[in-house]
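Down below is the structure, laid out as structure tokens.
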Amino acid sequence: MGGSVDNLFQNKIDKFFKEGSHDVTAYDIVFISVQECIQRLRTQRTNALETYLAQKGFANIDQQNGLVFMYQMFMIGFVKKPLMADVTKVTASYLAKGKNLLVASVGNKGGLGYSFNFRNRIFNFIGCHLQHKMDKQAKRNQMSRDLIAEIKMQQVQTKVNGLESDVVGDFCFYFGDMNYRLKTTFQALDNSNVQQQAVGMIETHDQLIEAQQTGHYPGYQEHPIDFLPSYKLSNYERQVYVNKKDQAPSYCDRVLYKNNMAIKAKPLSYESLDECYGSDHRPVVLQLALRHFERVRYWEFAPLTRFSGTSEVSSEVGVIDFDYL
């Protein structure tokens with residue numbers, strides 16, 4: 001949501017959660033990861049989320065810390081109150097990767113992590129904000145490698161050198177403003193032809209697809225994209241792209257998942273929430289069914305991830321990512 005418009009966030013929370021395929025009350029666990037949040041508004045934003053979700057029957061999953069945050073980024077999680085007993089070993093972590101200023105790296109880039117056990121399965125979530133600019137693809141690749149390798153989400157990682165978080169987790173999500181671009185220009189791909197051409201250019205022009213084809217993000221999957229680019233859009237108009245230094249509309253906001261379980265994962269949908277205004281990014285949602293997952297029903301995290309399903313056959317997972325909350 002647009003950080004420059006204070007009332008927009010408070011007034012649009014309900015619309016945001018209902019903009020996707022399901023109402024938030026359909027889920028049992030909600031994780032929200034935010035990038036480019038105005039620092040002074042973080043407490044206001046998280047309090048508004050807690051108030052809203054408490055009314056829907058949720059409690060904060062992290063009873064000790066409440067949330068994990070860095071400069072301009074935060075992640076917060078919720079679970080339906082009757083399911084709190086099923087959640088154990090909640091750990092939060094972060095790793096700043098912004099431009100180094102004197103001593104410390106700045107937390108406007110990097111990753112936030114949450115990990116927990118749910119009915120003896122380990123779920124890991126890394127919400128990222130990677131290096132911007134068209135020509136920084138190699139930097140984005142390196143930053144992701146570092147985040148996955150260096151974020152400590154399970155105790156065993158402190159004892160086994162080099163053990164990555166996505167090896168420890170049964171089911172892992174890596175999502176957020178990944179900042180990968182379509183390798184073209186706004187002059188070649190603009191409002192006159194983006195609806196006809198953008199999706200068809202992904203396989204040959206998308207930097208994230210290229211990164212995966214050259215060995216990056218091993219084991220991670222992404223559901224095929226059939227929606228328009230999530231960036232750079234008008235803050236207040238539907239599907240109107242803005243020319244910034246001749247950068248083409250791009251799929252900056254992505255959701256990757258990695259399944260280390262014997263349980264089958266079936267993607268159901270992958271969509272952009274075109275009418276969630278207030279930012280030059282649009283949220284992106286993945287819905288994924290986990291088959292035969294005992295009695296597990298619903299989760300969600302965002303930049304949001306949603307899991308849902310029935311007690312007999314499935315759970316669905318979804319992710320919503322957005323900037324400027």
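Read-outs throughout are calculated quantities, based only on the coordinates presented, and are distinct from any laboratory measurement. The structure presented is a predicted model; accordingly, all values stated were derived computationally and were not measured.
Some observations on this one:
- For SER279, distant residues with modelled amide H under 5 Å away: GLY2
- A simple rule links phi to the HN-Hα coupling: the Karplus curve 6.51 cos²θ - 1.76 cosθ + 1.60 with θ = phi - 60°, which for the stretch 63-70 gives 5, 8, 9, x, 6, 10, 8, 9 Hz, with x for Gly and Pro.
- Under 5 Å, built H, 5+ apart or other chain: amide partners of SER272: VAL285
- With 22 Å as the limit, the listed pairs LYS152/LYS232; LYS109/LYS152; LYS109/LYS133; LYS56/LYS258; LYS136/LYS183; LYS81/LYS266 have LYS152/LYS232; LYS56/LYS258; LYS81/LYS266 beyond it between alpha carbons.
- Remark: the stretch 227-239, residue by residue, has Karplus-estimated 3J(HN,Hα) of 10, 6, x, 8, 7, 9, 10, 4, 5, 9, 10, 7, 6 Hz, where x stands for each Gly or Pro and the curve is 6.51 cos²θ - 1.76 cosθ + 1.60 at θ = phi - 60°.
- Amide H to amide H distances under 5 Å link GLY176 with CYS128, ARG254, where only residues 5 or more positions off or on other chains count and H is placed in the peptide plane.
- Residue-wise HN-Hα coupling along the stretch 203-217, computed from phi with Karplus coefficients 6.51, -1.76, 1.60 (Hz; x: Gly, Pro): 4, 9, 10, 7, 5, 5, 4, 4, 4, 5, 5, 9, x, 8, 6
- Tensor-based shape of the stretch 86-219 (alpha-carbon gyration tensor, a/c under 1.5 rounded, otherwise prolate or oblate): prolate
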